[in-house]
Structure formats: structure tokens, C-alpha cells
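Worksheet: the structure to be examined is printed underneath.
The values are calculated or read from the model by the stated rules, or taken from the named source; none is laboratory data. Since the structure is predicted, the reported quantities are computational estimates derived from the model, not experimental observations. With ideal geometry, Cβ positions are generated from the backbone for all residues, glycine too; neighbour counts draw on all protein chains shown.
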Amino acid sequence: MRNPLDWFGRREALLAVACMAAVLLFSILSPYFFNADNLSAVLNNSVELLLVGLGMTLLLGVGGIDVSVGVAMGLAAIAVGRLLQAGVNPVVAGLAGPAAGLVIGAATGSVVVFGRIPAIVATLGLYGVYRAGIYLCLGGDWLSGLPVGLTDLVGTGIAGVPLAFPCVAITYLALYVALRRTPFGPHLLAIGHSEAKARLSGVSVNRTQMLAFIVSGALMGLAASFYVATYRNVEMTIGGTLALEAIAAVVLGGTSVTGGRVSLVGTILGVLLLRLLQNGLLLSGVPSLWQPVVTGLLLLTVLGIEAAQGRLSLATLLRPKGGRLASRVAQ
Amino acid sequence: MLKTSKLLLLSVALLAATSGLATAADAKKKVAFVPQLIGIPYFDAMKAGGTAAANKLGVDFIYTGPVDANPVDQLQIVQNLVNQGVDAVSVSVLDASSIAPVVEAAKAKHVILFTSDSDAPNSGRAVYVAQATDEGLGDMIIDEMVKRVGPDAKIGIVSGEATASNLNAWIGYMQARVKDKYPKLKLLAPQFAGGTAQRAAQLATDIMAANPDLKGIIGVASSTCPGVAQAIETAGKVGKVIGTGYCSPNTARAYLKSGAFAYTVLWDPAELGYLTVWAGKQLIDGKPFEATMTPEGMSHPVTYDAKTGILLLGEPAVFTAQNVDNYHF
Amino acid sequence: MTRPFIEARDISKRFGALQALSGVDLDIFEGEVLALLGDNGAGKSTFVKILSGAHAPTGGDLVMDGRPVEFASPQDSAAAGIATIFQELALSENLSIAENVFLGRELTHRVLGVPFLRHTAMKRRVGELLRELDAHISDPEVPVGSLSGGQRQAVAISRALNLNARLVIMDEPTAALAVAETRKVLQLIRKLADSGRAVILVSHNMHDVFEVADRIAVFRRGRKIAEKMRAETNPEEVVSFITGAHPDVRALEMQS
């Protein structure tokens with residue numbers, strides 16, 4: 001369970017191997033899989049899930065969850081879309097995404113933290129509220145064919161590198177530093193492990209949880225900007241499955257569903273594996289209907305293995321160990 | 001806040017409409033239409049068509065409906081209209097199972113109740129004014145595609161939910177059309193995107209990657225149209241892969257203009273609204289529907305099937321870059 | 001005798017109809033291990049919770065350095081130099097020793113307002129504490145989840161020491177430990193007192209108490225019924241206080 005290396009542990013290694021195996025397998029199964037166009041399409045399709053997944057990693061790590069994050073992204077996307085429609089500078093419209101996300105994240109966090117409602121229950125309720133919000137904002141129609149300003153901005157990026165790459169990289173680095181180099185990391189993990197104990201130790205539980213929700217919200221808002229830039233569209237059903245996909249990828253990546261252990265690299269690899277499988281299966285002629293089945297089975301397998309290992313390694317955990325063991329922040 | 005004021009405005013409008021009704025009860029006949037929800041471009045277009053018909057045919061047209069597609073609210077609105085003694089009420093039904101008692105109540109009050117846009121087949125409604133048949137929609141999209149890519153091509157399909165019966169029916173008729181008329185056309189198995197543009201784009205991208213010789217992609221659910229079009233643009237295949245789908249001019253406008261979509265197929269809700277009011281007048285006047293007829297003020301004939309009680313608007317409409325700006329729904 | 005670190009004067013605590021404590025007077029001295037004994041519900045836990053700020057007394061005073069003090073919260077009590085090590089320890093098994101010792105009061109330096117952890121300084125400090133306790137843990141980076149029960153007690157004590165606690169309250173520290181581990185923890189407790197800190201040991205284990213305590217206070221039915229220096233008493237007498245079989249107790253309970 002504990003990682004022998006600082007940021008790249010057993011789960012991460014397993015996922016990396018799984019990704020490589022998937023690439024190898026699909027390269028054999030489909031002549032159209034292994035080429036720059038297709039692989040960059042896979043990466044392109046991963047951007048929103050990567051950002052939302054990294055935010056969800058914090059939430060699961062602190063013992064929370066947010067099943068409303070997908071529809072909340074829809075609300076942030078509406079803000080971005082409406083600004084584009086109004087002819088606002090695309091840079092401003094793009095930044096409005098994370099800003100709106102931050103506000104929504106703070107709202108979600110407030111309900112969970114100050115309402116003292118279990119996160120899963122509170123965010124299920126908020127899912128309905130935000131969904132209705134989308135409905136009211138769009139009035140049954142949807143935003144289509146939005147101006148290309150933001151799309152061009154994101155596509156051109158910095159020195160020819162699409163903006164998504166530095167955004168995900170900076171997000172990862174910032175979260176890595178926050179978790180490893182500031183008190184936010186140990187506080188988050190202590191709360192995820194046991195809220196009561198963390199409180200007894202003088203950890204500011206509410207503040208840390210709020211911060212996790214706000215950061216997750218801002219990342220969700222950033223994802224909204226990328227969504228609008230990429231699809232130039234905000235549909236009524238936006239983000240319906242995003243939260244569940246993100247939770248699946250995060251858990252796949254080795255972050256504990258119950259909190260207290262996080263892996264940022266694991267989340268990134270988890271997202272890539274999900275997207276590789278979706279792409280490769282279709283290219284290999286498997287109907288898209290089967291994609292959720294495959295990813296679902298994958299998740300069950302990983303969690304099953306983990307449960308089995310957990311039972312086995314409990315004994316080893318109780319025995320004192322010498323030597324250097326890394327802490328559980330596998331970045 | 002915006003919503004509350006909108007709601008307020010609406011109730012005022014409704015009040016005005018109904019009070020107007022009371023004072024002018026002597027002169028014109030009244031036809032009402034209750035959409036699934038108000039304030040969306042699709043039903044706004046139906047309202048515009050209905051108003052045009054009312055002016056042309058000399059009836060009063062009342063347009064009112066729920067603000068949030070709530071079946072209970074819709075039923076209540078219909079009930080109110082019946083109680084107010086409107087001559088004919090048409091409904092775009094939200095919940096087909098609960099409308100039958102209201103039809104009974106309407107009959108008792110000598111109010112004609114019929115359906116438009118969305119039917120309740122076993123409710124006893126007088127007639128169903130239908131926009132297009134599933135078969136017509138399936139045939140039209142394939143015929144238009146063949147016009148552009150020829151009869152010997154490979155076409156991909158991105159649908160919405162695998163459980164949506166109307167989408168599956170359209171796909172079924174597409175496949176039947178190909179089998180009957182274009183045996184060399186290769187229609188790929190449909191991929192199901194659910195409701196998001198992201199997933200539709202992902203699937204469209206993958207279909208294009210898996211089939212380098214692909215000539216066209218059809219987005220079956222209107223929610224898949226933007227994703228499919230965006231995927232074609234992102235892949236740099238505008239012109240090489242013909243995009244299309246069943247989606248409204250508003251949804252497809254940007255993509256029709258960029259060339260990612262060559263055409264889309266749907267019906268014209270303004271015509272449907274016109275036909276609805278015309279049918280209401282016809283029923284009030286006690287005139288029968290003929291198998292084929294051209295209503296006053298319409299440019300093409302409509303058909304009536306006495307067995308099913310369906311009054312059909314006719315062929316679906318095709319929207320292209322040339323005509324899309326004439327439509328606003 | 002030196003002045004006590006804390007004097008409890010006529011402390012009482014009532015929970016609704018239940019009189020959990022009544023009229024407890026007790027002095028707590030630095031450099032001394034004070035054992036609190038008593039049956040379940042005798043009031044020793046309630047007394048400890050009043051000291052640690054978890055409960056406010058209904059009556060009586062706590063006096064520190066000659067002045068009455070009030071603890072509205074565990075934070076107040078901690079600020080006054082009182083550290084409580086609960087039976088369940090309140091450690092995070094998923095965090096390292098160093099992270100646990102500093103949890104909630106990490107050493108940081110701010111860069112552009114962002115508090116960055118001073119890993120090296122914290123590690124050094126924890127190393128010192130563990131050496132001082134002679135805990136035989138070489139690496140402060142080891143996760144607490146991989147430690148034995150006794151080692152975890154050492155970590156909890158390190159945490160208390162790091163707070164510069166002048167009074168360390170330990171609730172049943174040996175309850176779940178094997179014999180060798182228990183010895184180790186008792187040594188730690190002795191070391192704490194010898195370094196000039198006050199220690200309160202709540203325990204059921206007579207053997208432990210007589211091995212390490214300097215003074216023994218027995219609680220029964222919410223009252224302090226006996227207080228003896230270890231040398232003045234023996235386990236049999238203490239047991240008779242606890243069970244109420246001692247003639248003094250009988251006399252006392254007859255009165256009331």
C-alpha cells in the first residue's frame with residue numbers, strides 16, 4: 001500500500017504499465033491507433049477530465065466527494081459562453097471560467113462544511129440544484145456556435161504549444177507543492193484519515209475542507225473554459241457523467257475513496273488509461289456501448305485487488321519496519 | 001431573480017390573455033396551444049406560426065404553458081383553459097399517461113382537445129398534428145447525404161442515449177433506406193454519446209480515426225450535433241467529411257456556415273404552429289380532414305391518416321448555409 | 001514543598017441530574033507522577049477532562065501560579081501548558097512521525113504569503129525529541145501506521161513535549177500494550193517527570209501505578225476519597241479504597 005518511491009509508487013507503476021499495454025494492444029488491433037493525430041486526439045479529449053480529476057483528488061483525499069462537479073462545470077461554462085456571446089475579450093471570458101468555478105466551489109464547500117451534511121448527500125442535492133440552474137440559465141435552449149475567440153486562444157497557446165498542456169502541468173505542480181511543501185498536505189491527509197483526530201490535533205478542519213472545495217471549484221471552472229473553447233457549445237446535458245468519470249479515474253489512480261491517501265500522478269494516469277481504453281476499443285471495432293462496461297470492470301478489478309492487498313498488508317503494517325518509507329502523498 | 005420577473009411577466013400576460021377572453025367572448029373562436037415549456041426558440045417559432053394562422057384565419061390564438069416542462073403544471077394549465085371555455089386546445093404532451101381524464105373533462109364542456117408536436121395516442125384526443133414521420137426523417141437525411149457523397153460511401157452515426165426510442169427509430173429507418181435504395185452505401189454501426197458535446201466529439205473523432213475513408217457523419221440526437229461538427233473542424237476534415245444531423249438552425253448555424261455541416265434535417269416548427277391553429281379552426285367548424293389537402297396559407301399539401309388520427313405536416317425541412325438565416329429556432 | 005503547578009479547589013461537575021464530581025481538591029506538582037485511580041464512573045475521567053479544557057467545571061476553581069484560570073476549550077488548556085494524550089492517541093496513521101508531532105502547528109516560512117513547510121527543521125526537532133525519550137526510532141519520516149503501540153505512545157509524548165507542555169495527562173497509556181511495550185512506556189513516563197514536568201496517569205493497572213507513580217489519588221462516586229504517597233500505601237489498601245471496603249470510605253459514605 002505504501003509507495004517505495006517518493007512520487008511514483010506501485011499503483012502508479014501498475015497504471016503506467018497498463019497504459020503502455022493498452023497502447024501496445026490497440027496498436028496491434030487497429031492500424032489507425034498509433035499515430036500522432038489519434039494520440040493527440042486522445043490527449044485533447046482528456047483535458048477537462050484531467051483538471052476536474054485533479055480537483056476531485058483533493059476532495060477524496062480530505063474525505064469528501066463532489067458528485068455535482070460536472071453540472072457545476074456546466075454553470076461555469078454558461079458564464080464563459082455568455083461572455084463570449086457578448087463579445088467580451090476571450091482572455092477575460094476564459095478567466096471567468098475559473099472565477100465562476102471558484103465561487104461555485106465555495107458555495108458547494110459551504111453547504112458541505114458549514115451545513116455539516118455528508119459530502120455525498122449534500123452534493124447529490126446540489127447536483128439537482130445546479131442542473132436546475134443550467135436549465136433556468138439556458139431556458140431550455142443551449143448555447144451553440146459560440147465565437148471562436150477563445151478557441152483560437154487555446155489552440156494557438158504559448159509558442160505553438162496548446163494552452164491545455166501548460167495549464168495541466170502548472171496545476172499538477174501547484175498541487176504537488178501545496179500537498180508536499182505546505183501544511184495543507186498533512187492537514188488534508190489527517191482530516192481524510194480521521195476528522196475527529198485532526199480536530200483534536202488542532203487542525204483547522206473547516207478551513208482545509210473549504211480550501212479543497214474552492215481549489216476543486218477553480219479547476220472545474222478552468223475545465224469549463226476548455227470545454228467551451230473546444231466545443232463552442234453549452235448543452236443542457238453538459239457534464240452529466242463527468243463527476244463519475246472523474247471519481248473513477250481518481251480511485252483508479254490510487255487515491256483512497258475514504259480519504260487519507262492521494263496520488264496526483266495516479267489521477268493523471270487514471271484519466272489517460274480511461275481515455276485510451278475508450279479510444280482504442282472503438283478503433284478496434286468494439287461498440288461504444290461496451291466502453292462503460294470495460295471501464296467499470298477495470299475499476300472493480302483494481303478495487304478488488306486493493307481490498308485483497310489491504311487485508312494482506314495489514315499484518316505487515318502492524319509490524320515495525322525499519323528503513324525509509326515514503327509518506328502517502330504519492331505525487 | 002431574472003426567472004422570478006419572467007414568471008411574473010408571464011402570469012400577467014396570462015391574466016391579460018384570459019381577461020381579454022372574457023370581454024371578447026362574443027366574436028372570434030379561440031384556439032389555444034400549450035407547449036411543453038415556454039421561452040425556448042422551438043416553441044417560440046411554433047407560437048409565431050400559430051399567430052400567423054390566427055390572423056389569416058380570423059381566430060384568437062392563446063399561447064401559454066409551463067416554465068419548466070413540468071407535466072403537472074402543464075395539465076393544470078390545460079385544465080384552466082378548458083374551464084375558461086376556449087373552443088379548442090392543443091397540447092404538446094409532456095406526460096401521455098395523465099392527459100386522458102382532461103380530454104374527458106374537455107368533452108363534457110364541449111371543448112375540443114387535440115395534440116401537436118408530442119402525442120398521447122390513446123387519450124381520446126381529436127387529432128394529432130405531427131411534424132414528420134420517423135420514416136420521413138430517416139429517408140431524408142440519407143437521401144440528402146447521398147446527394148453530396150454519392151451512393152458508394154462510408155457514413156458514421158453518433159447517437160445520443162442508446163435507450164431513446166425516437167432516435168433508434170430514426171436510425172432504423174436510415175438503415176432501411178440504405179438497404180432498399182443505396183446498397184453500396186456503408187452505414188457504420190451507431191455509437192452512443194449520451195447527452196454531452198464532449199462525448200459526441202470524442203466518438204466522432206474516434207470514428208474518423210478508425211475509418212480514414214469516411215465520407216460523412218450523422219449526429220442523430222440534436223445534442224450530438226455540436227460535438228460532431230467540432231470534431232470535424234478540429235480534425236481539419238471540413239469538406240472531406242460531410243457532417244449533418246437532426247438539429248435546429250440555431251444549434252447548427254455556426255457549423256453550417258463553417259462548412260463542417262453541409263445540411264441538417266428537421267421540421268419547421270413555425271409551419272407546425274400554423275397547421276396546429278388551422279386544425280383547431282377546422283375542428284371547431286366541424287369540417288373533416290381529407291387524406292391530402294393544402295390548408296389556406298400553406299405552400300404544400302398535408303396528409304391525414306384517418307385510422308391513426310394523425311395530421312402530418314409533410315416532408316421534413318432541410319436547412320443549409322443558404323437558408324439557415326431564415327429560421328430562428 | 002514547592003508550589004503546585006495547578007491546584008484544583010473544590011471542583012464539582014454536574015451533568016443534568018448526575019453529580020459526576022463533587023468537592024475535589026487536588027494539587028499537581030511538577031516533577032511528579034500523579035496516578036488517578038478509581039472504578040469506571042468514579043469521576044477521574046471527568047476530572048481529567050476539566051483539566052484538559054474539554055469540560056468546564058460547574059463549581060470550584062483551577063488555580064495556576066496563584067491565580068484562578070478558566071479553560072474554555074482544549075486550545076486554552078494547551079496554551080497553558082497542559083497536553084492530554086488520549087487513549088486512542090489522536091495520531092494519523094497515514095502521516096509520518098514528524099508530520100504527526102507537528103500536526104496543526106507546523107514550522108513554516110512564508111514566501112509571498114504562502115506558508116512553506118520547514119521540513120529539515122521539523123525533522124531535526126523530532127529527532128531530538130525521540131532521542132531525549134530514548135524511543136529507538138531512527139527515522140522521523142516513517143509513517144505512524146507502521147509503528148508498534150509503544151512507539152506510538154512515544155510519538156504522542158513527543159507531540160506533547162513539542163508543545164512545551166508542563167503537565168502531560170495520559171489516559172490509560174498501557175491498556176493495549178504487550179509487557180515489553182508497557183515497560184518502555186512506563187520508562188517514558190518516569191523520564192517525563194524526571195525532566196521536571198508534571199504527569200497525570202489515569203490507569204486501572206495497579207502494577208503500573210505502583211511502579212511509576214509518586215502519588216496516588218483514588219476517586220469513588222465523584223469524590224476524591226484518598227490521596228497517598230506511594231511509599232505510604234500498598235496495592236491492597238488502594239484496592240480497598242477503590243471498592244469501598246476500606247473503613248475510612250465506609251465512614252465517609254455513612255456520613256453523606
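Observations, loosely collected:
- Applying the set (1) closer than 15 Å to C:Leu34 by Cα; (2) within 17 Å of the chain's Cα centre (by Cα) to C:Lys184 leaves exactly one unmet item: (1).
- Residue selected from the range C:190-229 under the condition out of contact with any strand residue (DSSP E or B) (no Cβ under 6 Å at 6 or more places or on another chain) and assigned to a helix (DSSP H, G or I), by the criterion surrounded by the most Cβ atoms within 10 Å (Cβ to Cβ): C:Asp208
- Total residues in the range A:242-265, condition within 11 Å of the chain's Cα centre (by Cα) and either among the aliphatic types (A, V, I, L, M) or within 11 Å of A:Leu15 (Cβ to Cβ) (or both): 11
- Single match in A:Ser216, A:Ser201, A:Ser256 (criterion: closer than 30 Å to C:Arg118 by Cβ and free of Cβ contacts under 8 Å to residues at least 24 places away in the same chain): A:Ser201
- Among residues of the range B:264-301, those that are within 21 Å of B:Asn323 (Cβ to Cβ) and aliphatic (A, V, I, L, M), counted: 6
- Qualifying residues in the range B:192-203 (those that are within 16 Å of B:Cys247 (Cα to Cα) and not in a loop (DSSP other than H, G, I, E, B)) - the one farthest from the other protein chains (Cβ to nearest Cβ): B:Ala200
- Residues that are more than 7 Å from chain C (Cβ to nearest Cβ) and touching a Lys or Arg at 6+ places or on another chain (Cβ under 7 Å), drawn from the range A:190-207: A:Val205
- Test: residue in the range A:225-235 that is crowded, with 24+ Cβ neighbours inside 10 Å, more than 9 Å from every other protein chain (Cβ to nearest Cβ), within 14 Å of the chain's Cα centre (by Cα) and hydroxyl-bearing (Ser, Thr, Tyr): no
- Conditions (1) in contact with a Ser or Thr (Cβ under 7 Å, 6 or more places away or on another chain); (2) in a helix (DSSP H, G or I): number failed by C:Lys184: (1)
- Residue within the range C:123-137 that is more than 25 Å from C:Leu186 (Cβ to Cβ), assigned to a loop (DSSP other than H, G, I, E, B), at pLDDT 85 or above and more than 11 Å from chain A (Cβ to nearest Cβ) present: no
- Some residue of the range B:129-148 being closer than 17 Å to B:Gly273 by Cβ and touching a Gly at 6+ places or on another chain (Cβ under 8 Å): yes
- Residues in the range B:156-180 that are in a helix (DSSP H, G or I), in contact (Cβ under 8 Å) with a residue 24 or more places away in the chain and surrounded by fewer than 16 Cβ atoms within 10 Å (Cβ to Cβ): 4 in all.
- Any hit, the range A:248-270, residues being within 20 Å of B:Arg199 (Cβ to Cβ) and within 14 Å of chain B (Cβ to nearest Cβ): no
- Restricting the range B:254-286 to residues that are within 14 Å of chain A (Cβ to nearest Cβ) and more than 17 Å from the chain's Cα centre (by Cα), the residue that is farthest from B:Ala132 (Cα to Cα): B:Ser258
- Residue in the range C:184-207 that is within 14 Å of chain A (Cβ to nearest Cβ) and either within 21 Å of C:Val48 (Cα to Cα) or touching a residue at least 24 places away in the same chain (Cβ under 8 Å) (or both) present: yes
- Any hit, the range C:86-95, residues being crowded, with 22+ Cβ neighbours inside 10 Å, facing chain A (nearest Cβ under 10 Å) and charged (D, E, K, R): no
- Just one of the listed residues (B:Gly243, B:Gly236, B:Gly172, B:Gly227) is out of contact with any Lys or Arg (no Cβ under 8 Å at 6 or more places or on another chain) and within 11 Å of chain A (Cβ to nearest Cβ), and it is B:Gly236.
- Only one entry of A:Leu138, A:Leu173 meets the criterion of being within 14 Å of another protein chain (Cβ to nearest Cβ) and modelled with pLDDT of 95 or more, and that entry is A:Leu173.
- Residue under evaluation B:Leu75, criteria (1) crowded, with 21+ Cβ neighbours inside 10 Å; (2) among the aliphatic types (A, V, I, L, M); (3) out of contact with any Phe, Trp or Tyr (no Cβ under 9 Å at 6 or more places or on another chain); (4) closer than 14 Å to B:Val34 by Cα, criterion not met: (1)
- The residues on offer are C:Val179, C:Val111, C:Val126, C:Val185, and the sole one that is surrounded by 15 or more Cβ atoms within 10 Å (Cβ to Cβ), among the aliphatic types (A, V, I, L, M) and out of contact with any Phe, Trp or Tyr (no Cβ under 9 Å at 6 or more places or on another chain) is C:Val185.
- Count of the range C:44-85 residues, restricted to those that are more than 12 Å from chain A (Cβ to nearest Cβ), closer than 20 Å to C:Pro4 by Cβ and assigned to a loop (DSSP other than H, G, I, E, B), is 7.
- Residue pairs meeting the criteria (Cβ under 7 Å; at least 6 apart or on separate chains; first at the interface with chain A (Cβ under 9 Å from one of its Cβ atoms), in the range C:100-114; second charged (D, E, K, R)): C:Asn100/C:Arg159; C:Thr108/C:Arg118
- Residue in the range A:198-207 that is surrounded by 21 or more Cβ atoms within 10 Å (Cβ to Cβ) and either closer than 30 Å to A:Val47 by Cβ or basic (Lys, Arg) (or both) present: no
- When A:Ser288 is tested against (1) more than 9 Å from every other protein chain (Cβ to nearest Cβ); (2) modelled with pLDDT of 85 or more, only condition (1) is not met.
- The residue that is farthest from C:Leu188 (Cα to Cα), among those in the range C:138-159 that are of a type in the set (Ser, Thr, Tyr) and in contact with a helix residue (DSSP H, G or I) (Cβ under 8 Å, 6 or more places away or on another chain), is C:Ser146.
- Residues that are farther than 29 Å from B:Tyr246 by Cβ and in contact with a helix residue (DSSP H, G or I) (Cβ under 8 Å, 6 or more places away or on another chain) number at least 1 in the following strands (runs of 3 or more DSSP E) confined to the range B:41-137: B:60-63, B:88-91, B:112-116.
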